[in-house]
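Written out below as structure tokens is the structure these notes cover.
No value in this document is a laboratory result; all are computed from the given coordinates. Nothing here was measured: the structure is a model prediction, and the numbers come from that model.
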Amino acid sequence: MRRFLLTVLCLFGLGVVVLLIMSSRRRDVARAHEPSGSRQSEPRKPTPDRVVAAPAPAAVAEADTRAVEQDATRILQEMAEIRADMIAGVSRRPLFLMAKKRGVSCGLFVASKWDLFDAILEVEGLSPDRQDSSPSAQRRLRELAAEANRREAEEIERRAFVQQLPQPVQPRAQRSWRRFMSA
């Protein structure tokens, strides 16, 4: 009876841990889809009724700053969408092979898709924590996505090829010994 209670308690604790990990992953996915550098727009001041002949240099600089911030926000949003598409469309094995190729060695065999993907981004210098909205970072992320999709296509072809191969028949000597012991 004690063993049963301890087993139930351990399974319950394991279930709680799994639920916490899953909720953490969902939160990470939600953060990946929202632009982290976005701020609330400042309310516009009412404009006077008179016509201004030329904009003031401060107004031009402010407009340029807003345009740069909007461009950076747009790039970060596109990069978040690329990351989400990669995780949704690529299985674990291609990410594992990409991480291994880049020299990531810490916990590869037990790492999830998210962990492998985060490790690849960290090695490449494209971690979402860095908020790099440069066009070169976006181009590099697109290259990584193309490589991951190419590897995924190769993995699908490999699986299809393996499934088409005839299954080897085990020789009689290698079959289960229990069947012969019961006779």
*Using Cα pairs closer than 8 Å and at least 6 residues apart in sequence, work out the relative contact order for segment 86-174, in percent.*
35
*What full-extension length gain, to one decimal in nm, is calculated for C10 and D71 as 0.36 nm per residue of separation minus the Cα-Cα distance?*
16.9 nm
*Could you calculate the contour length gain from E78 to S112, that is, 0.36 nm times the residue separation minus the distance between their Cα atoms, to one decimal place in nm?*
9.9 nm
